[in-house]
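Presented below is the structure to which this report refers.
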Amino acid sequence: MALSSVAVVERYLRGLKDRNLADVPFAPDVIFHGPLSPRLIGIDAVMERLQEVLPAVRDVRVERYIADGEYVAAILELDTIFGVIPVCDCFQVVNGQLTQIRPFYDPRTIIEGMARQRVEETA
């Protein structure tokens, strides 16, 4: 039996928190599109992007899930090395597989944090 849509999203967010996405049931043609990323299609492209993000993640604190069939929104705080970022992450789950990941957040915390890192590295 396929996991529920919320259970699939919980597995994804737990994978972010644990920095291990091995147990996430991604669809072969999964789509990821975030504020700092072009639209990525396919497990390889999406995993490559997520592997770049994982080292910056310290914690994921979910406030609530809003679910309607195959669509799930997660309201959460993403605690990163750059600071805490409020996120609304929108997902589509079909037949127990994550088919779409669409995070919405203000990217300034990340952009400013990356700029500070570059300055520190050159100092």
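When every residue of segment 9-20 is checked against the conditions, none turns out to be touching a helix residue (DSSP H, G or I) at 6+ places or on another chain (Cβ under 8 Å) and of a type in the set (Ser, Thr, Tyr). For Asp79, the test of being surrounded by fewer than 13 Cβ atoms within 10 Å (Cβ to Cβ) and free of Cβ contacts under 8 Å to residues at least 60 places away in the same chain is failed. Kindly indicate whether Ala74 is more than 14 Å from the chain's Cα centre (by Cα), in contact (Cβ under 8 Å) with a residue 12 or more places away in the chain and surrounded by 15 or more Cβ atoms within 10 Å (Cβ to Cβ). No; evaluated as a whole, the condition is false for this residue. Checked against the criterion of being assigned to a strand (DSSP E or B) and closer than 14 Å to Cys90 by Cβ, the candidates Leu13, Leu76 yield just one match: Leu76.
Per-residue answers, yes or no, for (1) under 12 Å from the mean Cα position of the chain (by Cα); (2) surrounded by 14 or more Cβ atoms within 10 Å (Cβ to Cβ):
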residue: Gly34; (1), (2): yes, yes
residue: Arg49; (1), (2): yes, yes
residue: Val87; (1), (2): yes, yes
residue: Val93; (1), (2): no, yes
residue: Gln97; (1), (2): no, yes
residue: Ile101; (1), (2): yes, yes
residue: Thr109; (1), (2): no, yes
residue: Arg116; (1), (2): no, no
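Selection of first residues in segment 55-69 that are within 14 Å of Gly15 (Cβ to Cβ) and of second residues that are assigned to a strand (DSSP E or B) and among the polar types (S, T, N, Q), restricted to Cβ pairs under 8 Å at least 6 apart or on distinct chains, gives the following pairs, ordered by first then second residue: Val57/Thr80.
The residues in segment 4-46 that are touching a residue at least 40 places away in the same chain (Cβ under 8 Å) and touching a Pro at 6+ places or on another chain (Cβ under 7 Å) can be counted, and the count is 4.
Selection within segment 36-69: residues that are in a loop (DSSP other than H, G, I, E, B) and closer than 12 Å to Ile101 by Cα. The member of this set that is modelled with the lowest pLDDT is Ser37. Determine whether segment 22-30 contains at least one residue that is over 20 Å from Ser4 (Cβ atoms) and surrounded by 16 or more Cβ atoms within 10 Å (Cβ to Cβ). No, the conditions are met nowhere in segment 22-30.
The values are calculated or read from the model by the stated rules, or taken from the named source; none is laboratory data. Only a predicted model underlies this, so the values are computations on that prediction, with no experimental measurement involved. Every residue, glycine as well, gets a Cβ built from its backbone with ideal geometry; the counts of neighbours run over all protein chains shown.
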